[in-house]
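> I'd like to ask you about the structure that follows.
Coordinate-derived values only; no laboratory data. Quantities reported herein were computed from a predicted structural model and do not represent experimental measurements. Cβ coordinates were reconstructed from backbone atoms using ideal geometry, including for glycine residues, and neighbour counts include every protein chain displayed.
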Amino acid sequence: MRRRTIAAALAVATAASLLIAPQASAAPAQKIQWQQCFAPGTPDLPPGGERLECGSFTAPMDWNNPRNGKTITIAVSRLQPKSGTAKQTIFTNPGGPGAPGVTLPLVYLDRPKLSDNAEIIGIDIRGTGASSNVTCDGFDAEGVTDPRDRGRANLDLLYGSMKKQAELCQARSGELGRYVTTDQTVKDLDLLRQLLGKRKVSWLGYSGGTWVGAYYATYFPKSLDRIVLDSNVEFTAPWQDSFDDWGMGFERRFRTDFLPWVAKYDSTYHLGKTAEEVRQSYERARVKLNKEPVTRPENVYNGVQLDLLLRAVMYRSKDFPLGAQIFAELAGTAPATLKAQASYPDAANATAYSLFCNDTKFRGDRRFLERESATNGAKWPLVGYYQVMGPCAFWDRPDVHLKHPNGIGAPKTLMVQSVRDPATPLEGARRAHKGFTNSVLLTVENEGDHGIYGVGTNSCVNDVVESYFIDGVTPAKDLTCQGVPLPAPDEAAPSPLENARQLATHIRR
């Protein structure tokens, strides 16, 4: 789950068809009007990007009471094969949860076996992107103050900010905020399937998109053909459980991969010749920045912002070089060389919190949060003090009852998981795999990237996923691939997912 992209610092029904389900009877007869997403000459558009078409449809605001007549808009896109003949239709989701996805199909232009044989659908789920939006009025409690400071005044500020965020998200999002749930979202998806005239579709979801995919398979198992879940949250448990291992996951990635890598290139970064020396450089820089924040083009850095920078870097090894460069500049061991990067809209963050806090009940109150933060922070100091779901302790949760995802009746599900994924740790993915019938786990050894298929260079994973999607070769049992080596300092590469997302600002509306 990508709660912070590198953007700020370097810049996750038993009814077979809604057509026969009672709640769909009020859905208006409609047809998606497709048009080219991008005007000719759009900068940075990849070859083939001109084929991406955009459209939208309406859905009931509340699928469980559609007769009230209130509707919302869902923005979608499609990338059809050059030949015009698709073997199947694949719904995609970049995760977040809440990340907009209409430009995600552009990523697969570099995977011709997929994009030349499938119609690929991008979706801004309800709440985000160009769909009907929710908002927290731009406020995010994370980063307001340093959670390592356990003094009473700082704790009051920390948890008061979480309470304020919960109140702002719900007040500013209005009525729609109570209906940004997975229960409502999967019903939007199945309406989309019908509007496309498809008996079945396939699913490709990353991070928070594995949660949506597992629930789509639970509500509409007969609507799905094939399912790939990449970098899995523990979707068989409440959202809160998925974050229990966050501190551990990021600390493991930080200490096992990043710190030794920076030490290996001490001649470049001058942060230490051993992993422990680099870690001490981080601790010293953190203290210094809290006393004297540093303003750079892309951000104002104190100790908290350094934490959030390094947390963002852990998602992709290709971000190690850029992240280490900023770290070194902040520590004063390298000259400044970087420029500002773009940020992302509040709607994605607000959608994430609506899903987190509406979908499943939060266990605990402020006292629980204080104890949990102190305990986890002591064990995993990089991220353990931070509590992404903290605002949910103060949320006025609507009466939502999700079905339990168990995989029964769903097609064979291929789960892809790296062993040192920081944001969706292997331990939770294994528990989800165990609890989701008819799933197969592809484990990527010696790897820590979050998001593998199509967004990296792992040919083994790419081949397995595409053989499954396009050739129908279903793995008979769990299997493994080896990860790709960590990059050299001059091998930094932008994320294909982020590149595609930035192109959303150029879409014609």
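> Compare the Cα positions of 102, 324, 297 along the charge dipole of the chain (+1 at Cβ of Lys, Arg; -1 at Cβ of Asp, Glu; about the Cα centre) and return the one farthest towards the positive end.
102
> Same structure, new question: No solvent, one uniform scatterer per C-alpha: report log10 I(q)/I(0) for the chain via the Debye equation at q = 0.05, 0.06, 0.10, 0.12 1/Å, two decimals.
-0.18, -0.26, -0.75, -1.10
> Which residues' amide hydrogens lie under 5 Å from the amide hydrogen of residue 479, considering only partners 5 or more residues apart or on another chain, with H built in the peptide plane?
Under 5 Å from the amide H of residue 479 lie the amide H atoms of 441, 442, 443, each far enough along the sequence or on another chain.
> If you don't mind, another one. Please arrange 241, 359 by how many other C-beta atoms lie within 10 Å of their C-beta, fewest to most.
Final ranking by Cβ density, sparse to dense: 241, 359.
> Cα centroid distance between region 143-171 and region 267-283, in Å?
32 Å
> Taking 0.36 nm per intervening residue step and subtracting the Cα-Cα distance, what contour gain separates residue 277 from residue 374 on full extension?
Here the answer is 32.4 nm.
> Something else now. With θ taken as phi - 60° and the coefficients 6.51, -1.76 and 1.60, list the Karplus ³J(HN,Hα) couplings across region 198-211 in order, rounded to whole Hz; mark glycine and proline as x.
9, 6, 9, 10, 10, 10, 10, x, 10, 6, x, x, 6, 4
> Give me 211, 246 ranked fewest to most by other Cβ atoms within 10 Å of their Cβ, as a rough exposure proxy.
So the residues, fewest neighbours to most, are 246, 211.
> Pulled fully out, how much extra length does the chain show between residue 473 and residue 445, if you take 0.36 nm times their separation in residues and subtract their Cα-Cα distance?
7.9 nm
> Long-range amide H contacts for residue 90: which residues qualify at under 5 Å (H placed 1.01 Å from N, peptide plane, sequence gap of 5 or more or a different chain)?
Sorted by chain and number, the residues that satisfy this are 119, 120, 121, 202.
> Also: Under 18 Å from a point 7 Å along the Cα-to-Cβ line of residue 157: which residues of region 348-390 have their amide N that close?
Backbone N within reach: 370, 374, 385-387.
> Next question. Counting only DSSP beta bridges with both residues in the chain, tell me the antiparallel percent, nearest 5.
That works out to approximately 40 percent antiparallel.
> Please give the charge dipole size of region 78-126, origin at the Cα centre, charges +1 on K and R Cβ atoms and -1 on D and E Cβ atoms. Round to the nearest 20 debye.
Once rounded to the nearest 20, the dipole reads 100 debye.
> A further question on this structure: Starting from the 7 Å offset along Cα-to-Cβ, what nm value, one decimal, do you get for the label separation of residue 200 and residue 44?
3.9 nm
> Ranking 464, 76, 300 by Cβ neighbours within 10 Å, fewest first, what do you get? Walk me through the numbers before you get to the answer.
Numbers: 464 21, 76 25, 300 10.
The order, fewest Cβ neighbours first, is 300, 464, 76.
> Can you give the FRET efficiency to the nearest 0.05 for residue 367 and residue 284, using r as the Cβ-Cβ distance and R₀ = 35 Å? The partial results should precede the final answer.
Numbers: r = 33 Å, r/R0 = 0.94.
The calculated FRET efficiency here is 0.60.
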